[in-house]
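The values are calculated or read from the model by the stated rules, or taken from the named source; none is laboratory data. The shown structure was predicted, so the numbers you read here are calculated from the model rather than taken from an experiment. All Cβ positions, glycine included, derive from the backbone under ideal geometry; neighbour counts span all protein chains shown. Accessible surface areas use protein heavy atoms only, side chains included; no ligands, DNA or RNA. Shrake-Rupley method; radii C 1.70, N 1.55, O 1.52, S 1.80 Å.
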Amino acid sequence: MSLAGRHLYLIGFMGSGKSAMGRRLAPHLGRPFVDLDQTIERRHNATISEIFARSGEAHFRRLESALLQEVAAGDPKVVATGGGTYQSEANRTLMHESGLVLWLDVPLELALERSLRDPDRPLAADQKKFEMLYRRRRELYARADLIVPVGRDPREVTCLRILDALADATAPATGDD
Ligand code: S3P
(Lines give C-alpha, C1' and ligand atoms only; values in the text may rest on other atoms or scores of the structure.)
Protein backbone atom coordinates (compact mmCIF):
# COMPACT_ATOMS: atom_id res chain seq x y z
CA MET A 1 0.00 0.00 0.00
CA SER A 2 1.48 3.35 -0.98
CA LEU A 3 0.39 6.92 -0.36
CA ALA A 4 2.49 8.31 -3.21
CA GLY A 5 0.27 10.17 -5.66
CA ARG A 6 -2.83 9.21 -3.67
CA HIS A 7 -5.09 11.05 -1.29
CA LEU A 8 -5.34 10.26 2.37
CA TYR A 9 -9.04 10.14 3.26
CA LEU A 10 -10.00 10.35 6.92
CA ILE A 11 -13.29 8.71 7.70
CA GLY A 12 -15.11 8.13 10.97
CA PHE A 13 -18.10 9.05 13.03
CA MET A 14 -19.00 12.56 14.16
CA GLY A 15 -16.60 13.61 16.89
CA SER A 16 -13.78 11.28 15.81
CA GLY A 17 -11.52 14.24 15.10
CA LYS A 18 -11.25 13.97 11.29
CA SER A 19 -10.91 17.72 10.78
CA ALA A 20 -8.54 18.37 13.67
CA MET A 21 -6.35 15.41 12.75
CA GLY A 22 -6.39 16.17 9.03
CA ARG A 23 -5.22 19.71 9.64
CA ARG A 24 -2.35 18.42 11.80
CA LEU A 25 -1.38 15.53 9.52
CA ALA A 26 -1.21 17.53 6.29
CA PRO A 27 2.02 19.47 7.03
CA HIS A 28 3.69 16.27 8.28
CA LEU A 29 2.82 14.63 4.96
CA GLY A 30 3.76 17.73 2.94
CA ARG A 31 0.42 18.10 1.21
CA PRO A 32 -2.61 20.38 1.44
CA PHE A 33 -5.58 19.72 3.68
CA VAL A 34 -9.19 19.92 2.60
CA ASP A 35 -12.27 19.56 4.78
CA LEU A 36 -15.36 18.58 2.78
CA ASP A 37 -17.90 20.03 5.24
CA GLN A 38 -16.08 23.32 5.66
CA THR A 39 -15.66 23.67 1.90
CA ILE A 40 -19.39 23.10 1.37
CA GLU A 41 -20.23 25.65 4.08
CA ARG A 42 -17.90 28.23 2.57
CA ARG A 43 -19.08 27.73 -1.00
CA HIS A 44 -22.74 27.85 -0.11
CA ASN A 45 -22.36 30.49 2.55
CA ALA A 46 -24.46 28.38 4.91
CA THR A 47 -23.86 25.99 7.79
CA ILE A 48 -24.43 22.26 7.33
CA SER A 49 -27.52 22.57 9.55
CA GLU A 50 -28.90 25.37 7.39
CA ILE A 51 -28.35 23.29 4.24
CA PHE A 52 -30.12 20.30 5.85
CA ALA A 53 -33.00 22.51 7.03
CA ARG A 54 -33.46 24.41 3.76
CA SER A 55 -32.80 21.74 1.16
CA GLY A 56 -32.80 18.39 2.96
CA GLU A 57 -30.20 15.72 3.61
CA ALA A 58 -30.43 14.27 0.08
CA HIS A 59 -29.38 17.63 -1.35
CA PHE A 60 -26.48 17.83 1.09
CA ARG A 61 -25.37 14.33 0.02
CA ARG A 62 -25.35 15.43 -3.63
CA LEU A 63 -23.17 18.43 -2.78
CA GLU A 64 -20.89 16.18 -0.75
CA SER A 65 -20.48 13.60 -3.54
CA ALA A 66 -19.88 16.29 -6.18
CA LEU A 67 -17.19 17.89 -4.04
CA LEU A 68 -15.61 14.52 -3.34
CA GLN A 69 -15.36 13.89 -7.10
CA GLU A 70 -13.72 17.28 -7.59
CA VAL A 71 -11.22 16.71 -4.78
CA ALA A 72 -10.49 13.13 -5.87
CA ALA A 73 -9.52 14.38 -9.34
CA GLY A 74 -7.01 16.88 -7.94
CA ASP A 75 -3.48 16.64 -6.56
CA PRO A 76 -2.91 14.42 -3.51
CA LYS A 77 -4.31 15.88 -0.32
CA VAL A 78 -5.31 14.99 3.18
CA VAL A 79 -9.11 14.94 3.04
CA ALA A 80 -11.37 15.16 6.10
CA THR A 81 -14.67 13.68 4.99
CA GLY A 82 -18.00 14.07 6.77
CA GLY A 83 -19.21 11.21 8.94
CA GLY A 84 -21.64 10.10 6.21
CA THR A 85 -19.46 10.49 3.11
CA TYR A 86 -18.35 6.85 3.22
CA GLN A 87 -21.95 5.66 3.45
CA SER A 88 -22.46 5.97 -0.31
CA GLU A 89 -21.14 3.07 -2.34
CA ALA A 90 -20.11 5.37 -5.19
CA ASN A 91 -18.17 7.56 -2.77
CA ARG A 92 -16.49 4.53 -1.21
CA THR A 93 -15.41 3.21 -4.60
CA LEU A 94 -14.01 6.59 -5.61
CA MET A 95 -12.15 6.97 -2.34
CA HIS A 96 -10.53 3.55 -2.58
CA GLU A 97 -9.60 4.14 -6.24
CA SER A 98 -8.00 7.49 -5.57
CA GLY A 99 -6.53 7.15 -2.12
CA LEU A 100 -5.91 5.42 1.12
CA VAL A 101 -8.83 5.35 3.51
CA LEU A 102 -8.10 5.68 7.22
CA TRP A 103 -10.80 5.20 9.86
CA LEU A 104 -10.51 7.15 13.10
CA ASP A 105 -12.40 4.78 15.36
CA VAL A 106 -13.87 6.78 18.24
CA PRO A 107 -15.74 5.14 21.15
CA LEU A 108 -19.46 5.91 21.26
CA GLU A 109 -19.20 7.73 24.62
CA LEU A 110 -16.64 10.16 23.26
CA ALA A 111 -18.53 10.70 20.00
CA LEU A 112 -21.64 11.47 22.06
CA GLU A 113 -19.81 13.82 24.37
CA ARG A 114 -18.28 15.76 21.48
CA SER A 115 -21.25 15.85 19.12
CA LEU A 116 -24.59 15.47 20.86
CA ARG A 117 -26.74 18.55 20.48
CA ASP A 118 -24.05 20.33 18.49
CA PRO A 119 -26.18 22.89 16.61
CA ASP A 120 -24.14 22.30 13.45
CA ARG A 121 -24.55 18.52 13.50
CA PRO A 122 -28.13 17.93 12.44
CA LEU A 123 -27.81 14.15 12.88
CA ALA A 124 -26.72 14.56 16.51
CA ALA A 125 -29.94 16.11 17.78
CA ASP A 126 -31.42 12.81 18.96
CA GLN A 127 -29.32 10.47 21.12
CA LYS A 128 -31.17 7.26 20.16
CA LYS A 129 -30.80 7.94 16.43
CA PHE A 130 -27.19 8.97 16.95
CA GLU A 131 -26.41 5.65 18.66
CA MET A 132 -28.18 3.62 15.98
CA LEU A 133 -26.29 5.45 13.25
CA TYR A 134 -23.03 4.88 15.11
CA ARG A 135 -23.61 1.11 15.23
CA ARG A 136 -24.71 0.88 11.60
CA ARG A 137 -21.81 2.95 10.31
CA ARG A 138 -19.15 0.93 12.10
CA GLU A 139 -19.76 -2.01 9.74
CA LEU A 140 -19.02 0.22 6.79
CA TYR A 141 -16.10 2.08 8.30
CA ALA A 142 -14.47 -1.30 8.96
CA ARG A 143 -13.81 -1.53 5.21
CA ALA A 144 -11.14 1.16 5.56
CA ASP A 145 -7.57 0.34 4.54
CA LEU A 146 -6.32 1.35 7.94
CA ILE A 147 -7.94 1.66 11.36
CA VAL A 148 -6.62 3.86 14.15
CA PRO A 149 -8.50 3.85 17.48
CA VAL A 150 -8.79 7.36 18.89
CA GLY A 151 -9.53 8.37 22.47
CA ARG A 152 -8.79 11.16 24.87
CA ASP A 153 -5.06 11.49 24.22
CA PRO A 154 -3.75 14.94 23.36
CA ARG A 155 -4.16 15.65 19.65
CA GLU A 156 -0.43 15.67 18.98
CA VAL A 157 -0.13 12.17 20.46
CA THR A 158 -2.96 10.87 18.28
CA CYS A 159 -1.41 12.58 15.26
CA LEU A 160 1.92 10.80 15.87
CA ARG A 161 0.11 7.50 16.29
CA ILE A 162 -1.59 7.98 12.92
CA LEU A 163 1.73 8.85 11.28
CA ASP A 164 3.24 5.66 12.74
CA ALA A 165 0.34 3.57 11.46
CA LEU A 166 0.71 5.15 8.03
CA ALA A 167 4.46 4.55 7.97
CA ASP A 168 3.92 0.88 8.86
CA ALA A 169 1.16 0.41 6.32
CA THR A 170 2.96 2.13 3.48
CA ALA A 171 6.48 0.77 4.10
CA PRO A 172 7.77 -1.17 1.09
CA ALA A 173 7.54 -4.93 1.60
CA THR A 174 10.93 -6.44 2.45
CA GLY A 175 10.15 -9.92 1.29
CA ASP A 176 11.43 -11.27 4.62
CA ASP A 177 8.15 -12.76 5.63
C1 S3P B 1 -22.66 13.81 9.07
C2 S3P B 1 -21.53 14.25 9.68
C3 S3P B 1 -21.09 15.65 9.64
C4 S3P B 1 -21.68 16.38 8.42
C5 S3P B 1 -23.16 16.19 8.39
C6 S3P B 1 -23.56 14.72 8.28
C7 S3P B 1 -23.01 12.37 9.14
O8 S3P B 1 -19.67 15.70 9.58
O9 S3P B 1 -21.10 15.95 7.24
O10 S3P B 1 -23.69 16.77 9.55
O11 S3P B 1 -23.82 11.90 8.32
O12 S3P B 1 -22.42 11.67 10.00
P13 S3P B 1 -18.72 15.39 10.87
O14 S3P B 1 -18.50 13.91 10.89
O15 S3P B 1 -17.48 16.13 10.55
O16 S3P B 1 -19.42 15.90 12.07
Original post:
Quick one: helix 57-72 against the long Cα principal axis of the chain, what's the angle to the nearest 10°, folded into 0 to 90?
Top reply: 30
Original post:
What percent does the relative contact order of the chain come to when contacts are Cα pairs within less than 8 Å and at least six residues apart?
Top reply: 34
Original post:
What's the angle, to the nearest 10 degrees (0 to 90), between helix 89-98's Cα axis and the longest principal axis of the chain?
Top reply: 30
Original post:
Given charges of +1 on the Cβ of Lys and Arg and -1 on the Cβ of Asp and Glu, with all other atoms neutral, how large is the dipole of region 56-177 about its Cα centre, in debye to the nearest 20?
Top reply: 620
**OP:** Starting from the Kirkwood radius over alpha-carbon pairs of region 43-106, derive D by Stokes-Einstein at 10 °C in a medium of 1.306 mPa s and give it in µm² s⁻¹.
**Re:** 124
Original post:
Round to a whole number: what % of the accessible area of the chain belongs to carbon and sulfur, probe 1.4 Å?
Top reply: 51
**OP:** Note down the accessible area of residue 132, probe 1.4 Å, to the nearest 10 Å².
**Re:** 120
Original post:
Which residue, 53, 111, 144, tops the fluctuation ranking in a GNM of the chain built on C-alpha contacts under 10 Å?
Top reply: 53
**OP:** Starting at the first residue of region 35-45, write each ³J(HN,Hα) from the Karplus equation 6.51 cos²θ - 1.76 cosθ + 1.60 with θ = phi - 60°, in whole Hz, x for Gly and Pro.
**Re:** 10, 4, 4, 5, 5, 4, 4, 5, 5, 9, 6
Subject >> Accessible area expressed per residue, the chain, with surrounding protein chains retained (probe 1.4 Å, Å²) >> reply: 52
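Just from its helices, what would the mean residue ellipticity at 222 nm be for the chain, if runs of 4 or more DSSP H residues each count -39500 (n - 2.57) and the sum is divided by every residue, rounded to the nearest 500 deg cm²/dmol?
Counting only the DSSP helices, I get -16500 deg cm²/dmol.
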**OP:** On a C-alpha basis, how far is the centre of region 59-122 from the centre of region 35-58 in Å? Whole number, if you could?
**Re:** 14
Subject >> Eligible lysines near residue 77 by straight Cα distance, threshold 30 Å, same-chain separation 8 or greater >> reply: 18
Original post:
Hey, if you put +1 on the Cβ of every Lys and Arg and -1 on every Asp and Glu Cβ in region 1-118, which of 87, 73, 49 ends up farthest toward the positive end of that dipole?
Top reply: 73
Original post:
Sorted by accessible area (1.4 Å probe), largest first, how do 7, 59, 28 line up?
Top reply: 28, 59, 7
Subject >> Three-way shape label, region 1-116, alpha-carbon gyration tensor, a/c 1.5 >> reply: oblate
Original post:
Which whole-Hz couplings ³J(HN,Hα) result when phi for each residue of region 76-81 is put into the Karplus expression 6.51 cos²θ - 1.76 cosθ + 1.60, θ = phi - 60°, listed in order with x for Gly and Pro?
Top reply: x, 9, 9, 10, 8, 8
Original post:
Classify region 59-177: rounded, prolate or oblate, from the alpha-carbon gyration tensor (a ≥ b ≥ c, eigenvalue square roots; a/c under 1.5 rounded; otherwise prolate if a/b is larger than b/c)?
Top reply: oblate
**OP:** Quick one: among 30, 151, 17, which has the greatest mean-square fluctuation in a GNM of the chain with alpha-carbon springs under 10 angstrom?
**Re:** 30
**OP:** With springs connecting C-alpha atoms under 10 Å apart, model the chain as a Gaussian network and identify which of 85, 47, 93 has the largest mean-square fluctuation.
**Re:** 93
